[in-house]
Amino acid sequence: MLTIKQITEDTDKVIRGLEKKHFANAKETIAQVLELNEKRRNAQNQLDKNLAEVNSTSKVIGALMKEGKKEEAEAAKARVAEIKEASKSLQTAMDQAAEDMQNLLYTIPNVPYEEVPEGATAEDNVVEKMGGMETELPKNALPHWELAKKYDLIDFDLGVKITGAGFPVYKGKGARLQRALINFFLDEAHAAGYEEIMPPTVVNAASGYGTGQLPDKEGQMYHCNLDDLYLIPTAEVPVTNIYRDVILDEKQLPIKNCAYTQCFRREAGSYGKDVRGLNRLHEFSKIELVRIDKPEHSKQSHQEMLDHVEGLLKKLELPYRILRLCGGDMSFTAAICFDFEVYSEAQKRWLEVSSVSNFDTYQANRLKCRYRKESDKKTELCHTLNGSALALPRIVAALLENNQTPEGIRIPKTLVPYCGFDMID
C-alpha cells in the first residue's frame, strides 16, 4: 500500500506511475485520497485544539472554585462539556475519513520504478536475455499431455474424477520426478543461504491484505466460507506474513526464506489450448523465495534472486528467456518484475515458470514490517521481494517435451541423483 507521505511528497510522480500501470482514474483516485487525508488532518487539528482548551479550562475551574467564583466556574464547566460533545463528532468524522482513505488506498496498485518499460500487455514486455540449450526433437514429437499418457506419468482424467479439471494425479516416475524437482529446488535454495519454512497452506484475510492478494485477487482465491480462510495462491503469502507487525533489528537483514507448498488458484475464465495438460492448473507445487531487506540493499537482493533462478534453469538444461515486464503486465503489488519462461519445443511456445519481484515498501506498509536502524534507533519500512524458484508444472512439461527421444525421456544430469533413474521408458 502506498503511504500518504509518498503520495503527498510527489503527487505527479505517483499519478504518472499509476498511469504507467494503466490504473484507471489515477488522478481522480489520488485526489480523493488527498481530500480524505485533508479531512482527517483538519479533524485531528481541531481535536488537538479542543483537548488543549479542555485542559486549560479545567485548570481554571479549580482556581475559580477556590476563589468562590461559582458562577464563572459553572460556565467554564459548561464550556468543557460543550467541547467534549463537539469532540465526539470530530472523532467520528476523523475515524470515518481515515477508514475511507485506508479502504481507497487498498485499491491503488504499487508505483512502478522508472526502469519499468511502458506498455499495456505482455506483447510490450522486453526480452532481457535468452539462454539454455537448443532442443532438437525427433519427428512426430509429442506434447507433454500425450507423453504423460504414453509413459503413465500423470492421469488428468483421474484428477477430474476425484476433484475436477486442473487437479492432476501424478503416478510412478511422474510422481518421483515431481518429488525430485522439489528436493532439488529446496537444496539449491539452502545452498544459497535461504532458511526453509514449512508454512500453512490456508491463511486468514489479514494475511491476504498484508501481501496484496486482497482485495485485488479475491476472485482467483479459493475461499473457505465457514472459517473465512483462503487457500494460498503462493507461499509468498504465509511466509511474508511471518513479519507482519514486526520490528526487525537492522543486523537481521536481509532475511532469506524459502518454502515448498501446494498452491491453489481458481484461474477463472481460463480455457482453450493454452490450458491443456500442465499449462494451467488449479493446484500445483511451487518453491518460493522471500526476502526482507533494507531499502538501499533491495536492488542487489533482487539481482541475486534473478541469478539464482537463472542458475536453476541452466542446471535443468532448458531453453529460457528473461523478460522485463512492462507497466501494464506487472502485478498489482510489484514495483518491478522479471518473468522467466522456458521454451516448449513440442508446443512451440514459451511457458512462464517464475516471476521475481521487488515490492519496495508497498507490502511492508500493509504489513507494518519495519526495521530499527542501528545508527539512530529510528524505525523504517523494509523492502519485500519474492520469486518462484521454481513453479513445477510447466518445468515438468518442458522437461518431458524437450527431452523426449525414440528410447524414452532423458532426465537432466543434475536431477538423476534425486530421481534415482536417468530415463523414463
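The values are calculated or read from the model by the stated rules, or taken from the named source; none is laboratory data. Since this is a predicted model, take the numbers as computed values, not measurements. Positions of Cβ are backbone-derived with ideal geometry, glycine not excepted, and every protein chain shown enters the neighbour counts. Surface accessibility is based on the protein's heavy atoms, side chains included, excluding ligands, DNA and RNA. Shrake-Rupley method; radii C 1.70, N 1.55, O 1.52, S 1.80 Å.
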- Where does each of 236-243, 126-133 land if you order them by average Cβ count within 10 Å, highest first? 236-243, 126-133
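Answer rounded, prolate or oblate for region 145-215, using the Cα gyration tensor with square roots of eigenvalues a ≥ b ≥ c: rounded when a/c is under 1.5, else prolate when a/b is larger than b/c, else oblate.
Oblate, since a/c reaches 1.5 and b/c is not below a/b.
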- Going by a ≥ b ≥ c, the root eigenvalues of the Cα gyration tensor, does the chain fall in the rounded group (a/c under 1.5), the prolate group (a/b larger than b/c) or the oblate group? prolate
- Query: How large, in percent, is the carbon and sulfur part of the accessible surface of region 5-114 at a probe radius of 1.4 Å?
  - Reply: 50
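Using mean Cβ contacts within 10 Å as the protection proxy, how do 352-365, 201-214, 407-420 order, highest first? Could the numbers behind the result be given before it?
Working: 352-365: 24.4, 201-214: 20.1, 407-420: 15.7.
Top of the packing list down: 352-365, 201-214, 407-420.
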- Message: Mean-square fluctuation check for the chain, GNM, Cα pairs under 10 Å: which of 311, 166, 277 is largest?
- Response: 311
- Hey, rough spin-label estimate for residue 251 and residue 220, points 7 angstrom out along Cα→Cβ, what's it come to in nanometres? 4.0
- Query: Do the sum for the chain: with -39,500 (n - 2.57) for every DSSP H run of n ≥ 4, divided by all residues, what is the mean residue ellipticity at 222 nm, to the nearest 500 deg cm²/dmol?
  - Reply: -13500 deg cm²/dmol
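Quick one: dipole size for region 76-152, taken about the Cα centre, charges +1 on Lys/Arg Cβ and -1 on Asp/Glu Cβ, in debye to the nearest 20.
Details: 8 positive and 15 negative charges, 129 e Å.
The calculated dipole for region 76-152 is roughly 620 debye.
At 0.36 nm per residue, and after removing the present C-alpha to C-alpha distance, how many nm does the segment from residue 128 to residue 187 gain when stretched out fully? Working shown, then result.
On the way: separation 59, 0.36 × 59 = 21.24 nm, distance 2.74 nm.
Length difference between fully extended and current span is 18.5 nm.
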- Based on the Cβ-Cβ distance of residue 378 and residue 146, what FRET efficiency does E = 1/(1 + (r/R0)^6) give at R0 = 60 Å, to the nearest 0.05? 0.50
- In terms of Cα to Cα distance under 25 Å, which lysines are near enough to residue 413, apart from those fewer than 8 places away along the same chain? 129, 139, 149, 150, 171, 173, 286, 314, 315, 348
- Rounded to 10°, Cα long-axis angle of helix 392-402 versus longest principal axis of the chain: 20
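Accessible area per residue for the chain in Å², computed with a 1.4 Å probe and the full protein assembly in place, what is it?
Numbers: 20680 Å² over 425 residues.
Normalised by residue count, the accessible surface of the chain is 49 Å².
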- Note on the structure: Given Cβ charges of +1 for Lys and Arg and -1 for Asp and Glu, the option among 289, 320, 330 whose Cα lies farthest towards the positive end of the dipole of region 272-331 is 320
- Item | Over the chain, relative contact order from alpha-carbon pairs under 8 Å, at least 6 apart, % | 20
- Message: Which GluC sites (Glu not before Pro) in region 53-92 sit in a loop by DSSP (not H, G, I, E or B) and have at most 11 other Cβ atoms within 10 Å of their own Cβ?
- Response: 67
- Message: Can you give me the C-alpha center-to-center distance between region 27-85 and region 134-167, rounded to a whole angstrom?
- Response: 72
- Item | Cα shape, region 169-286, gyration tensor, a/c 1.5 rule | oblate
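So what is the relative contact order for region 163-269, in percent, with contacts set as C-alpha pairs under 8 Å and at least six apart? All intermediate terms of the calculation are to be shown ahead of the outcome.
Details: 114 pairs, mean separation 35.6, N = 107.
Result for region 163-269 is 33 percent.
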- Message: Please compute the length gained on full extension between residue 41 and residue 70, using 0.36 nm multiplied by the number of residues separating them and subtracting their Cα-Cα distance.
- Response: 6.7 nm
